[in-house]
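Report on the structure given below.
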Amino acid sequence: MTKSFFSNWRLWLAGAASLIIAVAVLYVWLALTWSYSVGERAGYVQKFSKKGWLCKTWEGELAMVAMPGSLAEKFQFTVRDDALATKVEKTMGKRVSLAYEEHRGVPTNCFGETDHFVVDVRAVE
(Lines give C-alpha, C1' and ligand atoms only; values in the text may rest on other atoms or scores of the structure.)
Protein backbone atom coordinates (compact mmCIF):
# COMPACT_ATOMS: atom_id res chain seq x y z
CA MET A 1 0.00 0.00 0.00
CA THR A 2 2.81 2.43 0.81
CA LYS A 3 4.58 1.85 -2.50
CA SER A 4 1.37 2.48 -4.45
CA PHE A 5 0.69 5.69 -2.51
CA PHE A 6 4.15 7.11 -3.28
CA SER A 7 3.96 6.25 -6.98
CA ASN A 8 0.50 7.87 -7.28
CA TRP A 9 1.73 10.91 -5.36
CA ARG A 10 4.67 11.37 -7.75
CA LEU A 11 2.36 11.00 -10.74
CA TRP A 12 -0.04 13.61 -9.29
CA LEU A 13 2.86 16.01 -8.59
CA ALA A 14 4.23 15.59 -12.13
CA GLY A 15 0.77 16.26 -13.57
CA ALA A 16 0.30 19.39 -11.42
CA ALA A 17 3.75 20.70 -12.42
CA SER A 18 3.00 20.06 -16.11
CA LEU A 19 -0.32 21.88 -15.82
CA ILE A 20 1.31 24.91 -14.16
CA ILE A 21 3.99 25.07 -16.87
CA ALA A 22 1.40 24.75 -19.64
CA VAL A 23 -0.72 27.56 -18.15
CA ALA A 24 2.36 29.80 -17.82
CA VAL A 25 3.41 29.16 -21.44
CA LEU A 26 -0.14 29.86 -22.66
CA TYR A 27 -0.25 33.13 -20.67
CA VAL A 28 3.07 34.37 -22.10
CA TRP A 29 1.98 33.42 -25.64
CA LEU A 30 -1.33 35.29 -25.22
CA ALA A 31 0.38 38.36 -23.74
CA LEU A 32 2.77 38.56 -26.69
CA THR A 33 0.27 37.88 -29.49
CA TRP A 34 -2.91 39.64 -28.33
CA SER A 35 -2.53 43.42 -28.44
CA TYR A 36 -4.27 45.72 -25.99
CA SER A 37 -4.04 48.68 -28.36
CA VAL A 38 -2.60 49.59 -31.76
CA GLY A 39 -1.44 53.04 -32.79
CA GLU A 40 1.07 55.34 -34.38
CA ARG A 41 3.34 58.02 -32.96
CA ALA A 42 5.40 60.59 -34.87
CA GLY A 43 8.53 62.40 -33.78
CA TYR A 44 12.30 62.06 -33.67
CA VAL A 45 14.09 58.96 -32.36
CA GLN A 46 16.54 60.39 -29.87
CA LYS A 47 17.70 57.21 -28.11
CA PHE A 48 18.02 53.71 -29.50
CA SER A 49 20.15 50.89 -28.13
CA LYS A 50 20.30 47.15 -27.62
CA LYS A 51 19.97 46.47 -23.90
CA GLY A 52 19.74 43.63 -21.43
CA TRP A 53 21.92 41.28 -19.38
CA LEU A 54 20.57 37.98 -20.62
CA CYS A 55 17.80 38.83 -23.09
CA LYS A 56 18.87 41.59 -25.49
CA THR A 57 16.12 43.81 -26.89
CA TRP A 58 16.20 47.11 -28.76
CA GLU A 59 14.91 49.94 -26.56
CA GLY A 60 14.27 53.44 -27.82
CA GLU A 61 12.82 56.82 -27.03
CA LEU A 62 10.83 58.99 -29.43
CA ALA A 63 10.65 62.74 -28.81
CA MET A 64 7.24 64.03 -29.90
CA VAL A 65 7.00 67.79 -30.37
CA ALA A 66 3.48 69.18 -30.82
CA MET A 67 4.48 72.79 -31.50
CA PRO A 68 7.87 74.45 -31.96
CA GLY A 69 9.15 75.76 -28.65
CA SER A 70 7.05 73.41 -26.50
CA LEU A 71 8.46 70.64 -24.37
CA ALA A 72 8.82 67.29 -26.10
CA GLU A 73 6.79 64.37 -24.80
CA LYS A 74 8.82 61.17 -24.67
CA PHE A 75 7.48 57.86 -25.94
CA GLN A 76 9.48 54.81 -24.90
CA PHE A 77 9.30 51.75 -27.13
CA THR A 78 10.74 48.29 -27.77
CA VAL A 79 11.77 46.67 -31.05
CA ARG A 80 12.07 42.87 -31.04
CA ASP A 81 13.02 42.34 -34.70
CA ASP A 82 16.64 43.04 -35.74
CA ALA A 83 15.65 43.91 -39.35
CA LEU A 84 13.18 46.51 -38.07
CA ALA A 85 15.82 47.82 -35.65
CA THR A 86 18.11 48.44 -38.63
CA LYS A 87 15.32 50.45 -40.32
CA VAL A 88 14.85 52.53 -37.15
CA GLU A 89 18.60 53.21 -36.96
CA LYS A 90 18.62 54.40 -40.59
CA THR A 91 15.85 56.94 -39.88
CA MET A 92 17.50 58.48 -36.81
CA GLY A 93 17.74 62.25 -37.13
CA LYS A 94 14.68 62.38 -39.39
CA ARG A 95 11.03 62.79 -38.45
CA VAL A 96 9.51 59.30 -38.32
CA SER A 97 6.21 57.61 -37.71
CA LEU A 98 6.30 54.48 -35.57
CA ALA A 99 3.45 51.97 -35.79
CA TYR A 100 3.20 50.02 -32.54
CA GLU A 101 1.18 47.47 -30.63
CA GLU A 102 0.70 47.69 -26.88
CA HIS A 103 0.97 44.39 -25.04
CA ARG A 104 0.04 44.63 -21.37
CA GLY A 105 0.81 41.94 -18.84
CA VAL A 106 4.02 40.59 -20.38
CA PRO A 107 5.49 38.78 -17.35
CA THR A 108 9.19 39.74 -17.57
CA ASN A 109 11.29 42.42 -19.21
CA CYS A 110 13.09 39.67 -21.14
CA PHE A 111 10.67 40.35 -24.01
CA GLY A 112 11.08 44.14 -23.75
CA GLU A 113 11.29 46.85 -21.12
CA THR A 114 8.16 48.65 -22.31
CA ASP A 115 4.61 47.64 -23.22
CA HIS A 116 4.90 49.32 -26.65
CA PHE A 117 6.35 47.09 -29.38
CA VAL A 118 7.13 48.79 -32.70
CA VAL A 119 5.96 46.84 -35.77
CA ASP A 120 6.79 49.37 -38.54
CA VAL A 121 8.68 52.59 -39.11
CA ARG A 122 8.54 55.11 -41.94
CA ALA A 123 10.16 58.47 -42.53
CA VAL A 124 7.77 61.45 -42.56
CA GLU A 125 8.58 64.26 -44.99
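Observations
So that you can scan it fast, the table gives a plain yes or no per residue for (1) modelled with pLDDT of 90 or more; (2) hydroxyl-bearing (Ser, Thr, Tyr); (3) in a helix (DSSP H, G or I):
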| site | (1), (2), (3) |
| --- | --- |
| 7 | no, yes, yes |
| 22 | yes, no, yes |
| 31 | no, no, yes |
| 45 | yes, no, no |
| 50 | yes, no, no |
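- Within segment 23-50, tally of residues that are surrounded by 14 or more Cβ atoms within 10 Å (Cβ to Cβ) and closer than 20 Å to residue 89 by Cβ: 6
The values are calculated or read from the model by the stated rules, or taken from the named source; none is laboratory data. Keep in mind that what you see is a predicted model, and the values were worked out from it rather than measured. Because the Cβ atoms are built from the backbone with ideal geometry, glycine has one as well, and the counts that use them run over all protein chains shown.
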